[in-house]
Each structure stands twice: as structure tokens, then as C-alpha cells.
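Before any comments, here is the structure.
Coordinate-derived values only; no laboratory data. What you see is a predicted model, and the numbers here were worked out from it, not measured in a lab.
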Amino acid sequence: MPRSEVNNRTFPLEANGTFTGLAESTATGVAISVSVLVPTACTLTIQQSYDKVTWFINEQYPITANAHKTVQQAVGLEYFRVILHNDGITQTFCHLISTLSTSLTQNVNIRNLEAARDTVDISGNIGVNNFPAVQVISGTVAVSSQPALSYLTDNVAVATMPAITGTVAVSSQPYLSYLTDNVAVATMPAITGTVAVSSQPPLSYLTDNIAVATQPALTFATDKVDATGSAVTISTALPAGANRIGEVITREDPASASNLTSINTISQQIKATPGSLMNFTAFNDGNAISYVKIYNSLTATSADTPIVTFPIRHDSALNTINTHNLQFSTGICVRATAGYAANDNTAPNGSTSIVAFYNGLL
């Protein structure tokens, strides 16, 4: 774990004073580790650059007074430096130590990890709010405080649902909403006993195909459903148009991938409709930096202004860029040039290729 030579501070900072380290190579590590202990509230900034001039990566961390804190940032560019700003009065001591680590153990963004280089041991509590639509869960799952059933996606098999007997009270049950894709209920077992549904709210927002072969007659008149009790067969899917309540929700989750090779000054289209760009991996086999320019349009030239430009390292380097679901209202297309300027139309040295991951939702 090499210790930094020019990004350490052991002398107190004056009130509102700032320490700025010097550009230092990241070649000997995969993560930048910074340890801080100060008597005043401070702001720590870790910056990264490919040329020691323009700092493309800037991440800030709040530092609490008299509370030791260590932060890590994955290496993304060739150089780094550390900035510490004193937000309070003159300090009595200052402890700031920077090192380059051979492993990344905290503040991990798993979207930027490479299987051939990085391994991560995750323990403790894990947030699952952003799990993909289909996820295998094993073990014991507590659902005592489960909210109303919502957003069921993909196929849900209920053909083996056991029979329900006795008295079932559903008068205060929240309504079932947002059932998407196919839900098979044709073989639902019989319900016996007394079932109270007198105050059940209306069923709403049913989208896509739902098999209801044994459902009693339904009349689609405004928002009313007439259940006469006489069984009929509805053999086809719900028709489109006025007989469908709500709107059909379409999802691309997880994101689709677009493979583009040898992009150059002529724009290449990733997506012909609105959506979000999650991230992309770029490969540059030339001997100079190339610049990938991304546009909110279907095609683009040097006369158009990109919404974002990324420098791509050279000499067969793989570059993984996380765009944090960057949104595009028209479409997504890209160009590659040898210069950073928006109107540059110089072809890059060698070949620049990308694999882009996008989402159909804004």
C-alpha cells in the first residue's frame, strides 16, 4: 500500500484555510484511500485527471470534527490529488494521510467493477430498493409489514395456490394495482366458505393479458363492473382502446445493450427513441486519447453540441464510464473525435469502440 508523497498534511489549517495536494500517478493501486482526523468540520475532495490539468472526477466528502474518517475512491484516471478545506476556526492539529491501495473495500460502485481485476466481499445490511425485476430469494422472508401488493412484473404462477377455506375478511384490503405482463389464474382452486367483499374497492390499472376464462360476465361501461353471477367464457385478451383502464406500462429493466464498433466522426445511433444512458465501456486501440461525444438526437455532426464529452484512454485500455442514468428526450447517438472541442471533426487515432447500456424509461 504505497503512501503518497505530496498529498499528506500534518500541520493545522487556519480558519477557512485550504490544503491542495499535487498531481500524483495512480499506476500502483486500484483505489485511493484518504484518512482524516481534524478538530474542525472540513470538506475533503478527491480529484482525478488524465493530464494533470483538467480534473474530470471531483468527489466531495464531509468530515466531522474529532471523528476519524477513512474514504476510498476507485482509480479511474492516470493522476489524483487531494484537497482539504477547513470550514471552521483555526485548527490545533491536522491529520491527513493519502495512500494507493491494491484493493477497494468501501464506497464500492459495483457497476464499475471488472471481473478480471476486482472482487468485493459484501456483508451486513444491503438495500434492495433497486433490485432488477426478477430476483431469486432463498431462506426465510418476513412479510408481516408488507404494504399493498404492487408492480408485479414478468410471469407470476399461481396455479398451485392451495384452497382457501373458512371465513375470509377482505373488507379493508387495499386494492390490487399495477399487475403487468401475464398472470395465469385459470386454474385457481375453488374458494369455499363465506367471503365478504361488500366494501372491496374497484380493481384498477390492469395492463397486458390476464387469463380469466372462468370469470363471471364483465360489462365495461365507464368505471362500473356488472357481475351477475352467471359464468361466461372470455376466450380472448382484453381489447385495446376505450375498454382498457389506465395506460400500458412498458419497461426495459435491466437495461438493453448496444454494441457499436469503430465509431468515428460520423455519428452512430444507440437508441432511436427517448431513454436513459446508464453506463458504457469504451475501447481505444490507438496511441492517443480519443473523445466520445454523446448527443440528445438521432444523428449528429460537428455543428451540433454534445451534452457530454468523455476522454478515452489509449493503448488498448478498457474505460468504464458510469453516466448515472443520463436522460435523453429525443434519442441517443455518439461520435468519436481526436479533439475535445465541441466542433472538432478530426478522426481519432486508431479505432474507438463502445458497448452502451441504456434504459427505455426517463
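Structure notes:
- Principal axes of the range 4-53: Cα extent on each, largest first, Å: 33, 21, 17
- Whole-Hz Karplus values for the range 24-40 come out as 9, 5, 9, 5, 8, x, 10, 8, 9, 10, 10, 10, 9, 9, 9, x, 10 Hz, taken residue by residue from phi with 6.51 cos²θ - 1.76 cosθ + 1.60 and θ = phi - 60°; glycine and proline positions read x.
- Close amide-amide hydrogen proximity is noted between Ile270 and Ile332, Cys333, Val334, each under 5 Å apart and 5 or more residues distant or on a separate chain (H modeled in the peptide plane; Pro and chain starts excluded).
- For Gly286, the residues whose amide H sits under 5 Å from its own are Asp315, Ser316, Ser351, ignoring neighbours fewer than 5 places away on the same chain, with H placed 1.01 Å from N.
- Per-selection Rg to Rh, the range 256-359 - Cα, Kirkwood hydrodynamic radius: 0.93
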